[in-house]
Amino acid sequence: MHDLVIRGGTIVDGSGQPQFVGDIAVDRGRITAVGRIAAQGREEIDAAGLMVTPGFVDIHTHYDGQATWDAEMAPSSWHGVTTVVMGNCGVGFAPAAPDRHEWLIGLMEGVEDIPGTALAEGLTWDWETFPQYLDALEKKSRTIDVATHVPHGAVRAYVMGERGARNEKPTEDDIAKMAAIVADGVKAGALGFSTSRTILHKSIDGELVPGTTAEKDELIAIGRAMGEVGHGVFEMASDLKREWDEFGWMAEMSRETGLPVTFAMLQSIAKELPWDEQMAETARANADGANIVAQIAIRGNGVLMAWRGTVHPFKFRPSWQAIEALPWEAQWAQLSDPAFKAKLLAEENVWPESDVLPLIMAVALGWQLQYEMGDGFNYEPTREETIWARAQAAGQDPADYAYDLLCRDGGKGFIYFPILNYADGNLDFVAGLLQRDDVVISLSDGGAHCGTICDAASPTYLLQHWVRDRTRGTVSIENAIRRQCHDTARLYGLHDRGLIAPGYLADLNIIDMAALKLGKPWMAFDLPAGGKRLLQKADGYVATIKRGQVTFRNGAMTGALPGELVRGPQAAPEVAALAAE
C-alpha cells in the first residue's frame, strides 16, 4: 500500500524526454515508482486526461520578509511553485545589526516595492547573524520549500555601517570580514550570494543599494570565500556598463572557484549591452571554461498601472497629488467627479528631480508604449492594443481614454507598461533563448514589486502562452517543464527535485491544460498593517503536491504545510538506498 498513487496522468517528467501516460507512487514524501502500478494507495488521484509535472522551482524571488510570517506563500504557491530561492538582487534582512532594522526595511521597500509598514509589523527580528536568520526561517512551516542567498547590501551595512550604506570603498579588513560572513552563511545553508549593480535599485531614500559600485577585488574575494566552502551561486543584477567589464571578472571568478555566476539578462534601458551582446559575452566566457548562466524573463517586465498601484500615468499631475494621501473612498469620490477629471486632464505634469526622468515621462505620456489590459490579456500585446490606438479608435484623447480605463470596475482598471523585454513590441527574441543551455527561466520577483507587477504567475504564463496559445510560435511542453523544473533546480545544486523519477521529492503538479487560464490581477490589502500587493490566480491547477501531501486542490489551500527550509545543495537520490528503507 502506497501513501499516494496518481493514476493515468500524462507525465512530463522534467527531463525533456517525450511525455507518456503512466502512474506515480509516493511514499514518505518521495516518488517510489513511475509506470504501471498495481498496488493501491491510501490516497489516489485520477489524473486521466491531465498533465502531471514536477513542482516548479522559482529561483528569483523576494519572500525574505513574507517567509517569516506567512505559511501560504502566495502568489507563487498558487502557480505550481513548490520551491523558491529568495535573497536576490543584494537585498535581504540578514545579517542585521539591531540599529539597522529600519534601514534594511527602507532598502527593501525602495528596491522591491514591498510596503515598509508591512515589513515593520511582520518582521520579528529574532536574529542578527545570517545563520540565525536561517534558524528563524526553519521554525515556520509553509506550503513550499524556501532557500536563500546571503545579500550583499545587508552584509556591507553590517560590516561597514554608514560607509557601506553610502557605497564607500572598503578597506582590506572590511573585505575580509564580508567574505567571512558570506562563508559562514553558505556553511549554514545559504545557496549563494547576491549583489545589485544597477541604478534602478535604490532605497526608499533614493540611495543606491550597498555594493552597487563595488570593485573587482571585493566581488572576487566574496566569490573565493564561497569557493573555499565548496558551493554557492553568485547572483547579480547589473547595468552591465562596459567600463565595469562585468563579464571579465565574472568569468575569472567562475573559472577560479568552479562556481556558477548568474545574472539578470534583459532588454533594458539601463543596460549598456544589448541582449544579444550579453548572450555573446556569456557564450564567449563559457567557451573559455567559465560557468555563467543568464536568467531570463518570459514576458515583458513592466508595470501594471492602477489608481491604487504604486504608479499610474497621472501621478505627476497636481490634482492627483492633492488627493494622493487621502483614503481610497475619498479619492474615488474625486476621481469619479467629471469636474475633477476635466481639471486634472487640463494640467501639465510636474516632473520630479530624478536620474530616470525619461522613464518617468514614459509612465506619464508613453501612450504608444502602454496597453489596455482586458479580459484574456496575453502579455504579448500588439500595437492595436496600445492606449494610443484604442483612443484613436474611440475618438478620444489618449489621456482621456486612459483615465476612463483606470476608472472601470469602480476604479479597478489596469494599464500594462512593459518597460523591459518589449523593445520590439513582441517576445520573439525570448523564443530563441528558450532553446539555449546557458539560460534559465527566472526573474519572476515573487513577493516583490507589490504595487507594480505580479510576475510570480510566470510558470502559468509559460504553459498557457508559450506552450499552448502563442500564435507567433510555441515551445514544446517537454522543454518548458525541463526549463522551469530541472534546469532551475540544477543551477542551485538541488539535485533532489525537478524530475519525476524514483527517489526524487514528491513535488508535483496535476494540471488541466485545456482549462489553464490566468485570472485578472487585483490589488489586495492583506499584508501586515494592511499593506497592498498585486495578486493573480489561475484556473487549471487540479492539485499541487509537496513532499507527497496535497497543498492546493483546485486552487484552494488544503492546510497541509510540508514545506521546509532548504539548507545547502541537495544530493541526487540513491534509489537503492530508498528502496531498502
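Test A480 against the stated conditions and say whether it is farther than 24 Å from P562 by Cβ, at pLDDT 95 or above and open to solvent by 10 Å² or more (accessible area, probe 1.4 Å).
Values: farther than 24 Å from P562 by Cβ: yes; at pLDDT 95 or above: yes; open to solvent by 10 Å² or more (accessible area, probe 1.4 Å): no.
No: the conditions fail for A480.
Can you find even one residue in segment 61-78 that is in a strand (DSSP E or B), in contact (Cβ under 8 Å) with a residue 12 or more places away in the chain and small (G, A, S)? First the steps, then the outcome.
Residues of segment 61-78 in a strand (DSSP E or B): 61.
So of that shortlist, the ones also in contact (Cβ under 8 Å) with a residue 12 or more places away in the chain come out as 61.
Then drop every residue that is not small (G, A, S), which leaves none.
Scanning segment 61-78 turns up no residue that is in a strand (DSSP E or B), in contact (Cβ under 8 Å) with a residue 12 or more places away in the chain and small (G, A, S).
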Do the conditions hold for K532, that is, is it open to solvent by less than 20 Å² (accessible area, probe 1.4 Å) and charged (D, E, K, R)? no
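Of all residues being charged (D, E, K, R) and touching a residue at least 60 places away in the same chain (Cβ under 8 Å) in segment 101-133, which is nearest to A190 (Cα to Cα)? Just the residue, please.
Going through segment 101-133, the residues charged (D, E, K, R) turn out to be 102, 109, 112-113, 121, 126, 128.
This time we only want the ones that are touching a residue at least 60 places away in the same chain (Cβ under 8 Å), so: 109, 112-113, 121.
Numbers: E109: 23, E112: 21, D113: 24, E121: 25 Å.
Per the criteria, the residue is E112.
In segment 213-220, is there at least one residue being in contact (Cβ under 8 Å) with a residue 24 or more places away in the chain, surrounded by 18 or more Cβ atoms within 10 Å (Cβ to Cβ) and in a loop (DSSP other than H, G, I, E, B)?
Taking segment 213-220 and keeping what is in contact (Cβ under 8 Å) with a residue 24 or more places away in the chain, we get 213-220.
From what is left, the residues that are surrounded by 18 or more Cβ atoms within 10 Å (Cβ to Cβ) are 214, 218-220.
Now restrict to residues that are in a loop (DSSP other than H, G, I, E, B): 214.
Yes, that holds for at least one residue.
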Looking at G258 and the list (1) touching a strand residue (DSSP E or B) at 6+ places or on another chain (Cβ under 8 Å); (2) open to solvent by 30 Å² or more (accessible area, probe 1.4 Å); (3) of a type outside the set (V, I, T), which single condition is not satisfied? (1)
Tell me, which residue of segment 221-255 that is under 24 Å from the mean Cα position of the chain (by Cα) and among the aromatic types (F, W, Y) is surrounded by the fewest Cβ atoms within 10 Å (Cβ to Cβ)? F247
Consider segment 172-196. How many of its residues are open to solvent by 10 Å² or more (accessible area, probe 1.4 Å) and either among the aliphatic types (A, V, I, L, M) or at pLDDT below 95 (or both)? 7
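Can you tell me which residue within segment 250-301, out of those that are acidic (D, E) and outside any helix (DSSP H, G or I), is nearest to V439 (Cα to Cα)?
Filtering segment 250-301 for residues that are acidic (D, E) and outside any helix (DSSP H, G or I), the one nearest to V439 (Cα to Cα) comes out as D288.
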Subset of segment 434-475 (residues that are small (G, A, S) and over 17 Å from F414 (Cβ atoms)): S442, S444, G446, G447, A448, S458, G473
Selection from segment 1-36 of residues touching a strand residue (DSSP E or B) at 6+ places or on another chain (Cβ under 9 Å), part of a loop (DSSP other than H, G, I, E, B), surrounded by fewer than 22 Cβ atoms within 10 Å (Cβ to Cβ) and not small (G, A, S) yields M1, Q19, R28, R36
For segment 365-383, how many residues meet the condition of being outside any loop (DSSP other than H, G, I, E, B), touching a helix residue (DSSP H, G or I) at 6+ places or on another chain (Cβ under 8 Å) and open to solvent by 60 Å² or more (accessible area, probe 1.4 Å)? 1
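The values are calculated or read from the model by the stated rules, or taken from the named source; none is laboratory data. From a predicted model like this one, the values you see are computed outputs, not experimental measurements. FYI the Cβ positions are ideal-geometry reconstructions off the backbone, even for glycines, and counts take in every protein chain you see. When the accessible area is computed, the model is the full protein with side chains, heavy atoms only, and any ligands, DNA or RNA have been set aside. Shrake-Rupley method; radii C 1.70, N 1.55, O 1.52, S 1.80 Å.
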